[in-house]
Structures are given as C-alpha cells and as structure tokens.
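Down below is the structure, laid out as structure tokens.
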Amino acid sequence: MRKILVAEDEQNIREFVVINLERAGYHAFEAASGDEAMALYERENGDFDVAVLDIMMPGTDGLTVCRELRAVSDIPIILLTAKDSELDYVMGISQGSDDYLTKPFRPTILLMKVKALLRRVEMDRGKTAAAEDEHDHAALLHPQAVHLSQGGVEGRGHVGLQVDRQEVGP
C-alpha cells in the first residue's frame, strides 16, 4: 500500500485529506505541523511515496519542510495552500515541490494529482531499470567494445548489438 505523508495544521482539512486518501487505497500518515512532519518522515525512515504539505503551518512552514525533504529525497511533493497568487505558485515550485493545489479544492483533483505523480515516478523507475538492463546486457557481450551513452548503446570496433529490434554497431 502506498504511503502518503499529510502535513496540515487545520484539523478539519487534514482529516478530509486523510479520509479521501484512505478511501482511495492509500495509507495516510498525519502531521499537524512541519516539525511533526519531519519527525514522522525520519521515524518512518523516509519510506513515503508522496508528501502533501500545507504551506502556512505554525513553526516550520510547508516550504521549509519541502526544502528539507528535497535535500534528502526525491519524494513527490504536493503543496496544498490557500495562497493562490502566481508568485506563491512560482515560489512553491521553485522550492522543490512537484505540484501545487489551492484551497478550497476538490478531493478528486488531489487524488488525481497524487496518482499522476506516482505514475510518473514508476515511469522514471522503469526507464532507469531499462537503461541499467541495457548496460548490463551490453557489458556481458563484450565489456571493452561497448559503452552506454545518453542516446543508447554505441559500438566500438567491430561489435554489433541487437537492442529493441534495432541493430547498433560500427
């Protein structure tokens, strides 16, 4: 089950978010402040799939939590906030968040944003795994004759390779 960190100081909104996430099949962990969110993140050894952070929380605010999470993790982050100016949006994204949702919001929109971020992470992991597999297979054929570049496998010398039904060679 996917784990979502929810940091929101307003109890009614936090409960609303948690209920909707759990109804959608996610396991939501609640924090009422930025400090509590960071403590929870550390207690769970960073084992979260997405973070939903309110910006305006007492103590450590959501932007600070966003920066702290981004410094140690590539966890997808959605900022949830009443601030709706263009500058607020730019600040949120530039601080490391992946998405921004203004209050009031529809729970289906939040759920779709969570789902989209998780899908993107899975796609990125798939690309990384495919590149690693390609590199491993190429190295098995002839470790001195092949190297992995951003564009794919390039042959050196006289070795040709069959990769995704395309021959790559000299």
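The values are calculated or read from the model by the stated rules, or taken from the named source; none is laboratory data. Everything numeric here is computed off the predicted structure, so don't read it as measured data. Counting neighbours? That spans all protein chains shown, and the Cβs are built from the backbone with ideal geometry, glycine included. Surface areas here come from the heavy atoms of the whole protein model, side chains and all, with no ligands, DNA or RNA. Shrake-Rupley method; radii C 1.70, N 1.55, O 1.52, S 1.80 Å.
Find, among the trypsin sites (Lys or Arg not before Pro) in segment 1-39, those assigned to loop by DSSP (not H, G, I, E, B) with at most 15 other beta-carbon atoms within 10 angstrom. If you can, show how the numbers build up before the last one.
Values: sites: ARG2, LYS3, ARG14, ARG23; in loops: ARG2.
Sparse-neighbourhood loop trypsin sites (Lys or Arg not before Pro): ARG2.
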message = Once the cut-off is 14 Å, how many percent of the Cα-Cα pairs in segment 26-79 end up in the long-distance tail?
response = 45 percent
message = Please compute the per residue accessible area over segment 1-72 with all protein chains in place, 1.4 Å probe, rounded to a whole number of Å².
response = 48 Å²
key: segment 57-103 - percent of accessible surface contributed by carbon and sulfur, probe 1.4 Å   = 51 percent
ask   = Which chymotrypsin sites (Phe, Trp or Tyr not before Pro) in segment 1-100 pass both tests, a DSSP loop state and at most 13 other beta-carbon atoms within 10 Å?
value = none
query = For segment 16-38, list residues with backbone N below 11 Å from a point placed 7 Å from the Cα of VAL72 toward its Cβ?
reply = 38
task = Take the solvent-accessible surface of the protein heavy atoms, probe 1.4 Å, and return the percent of it on segment 1-53 that carbon and sulfur atoms account for.
result = 41 percent
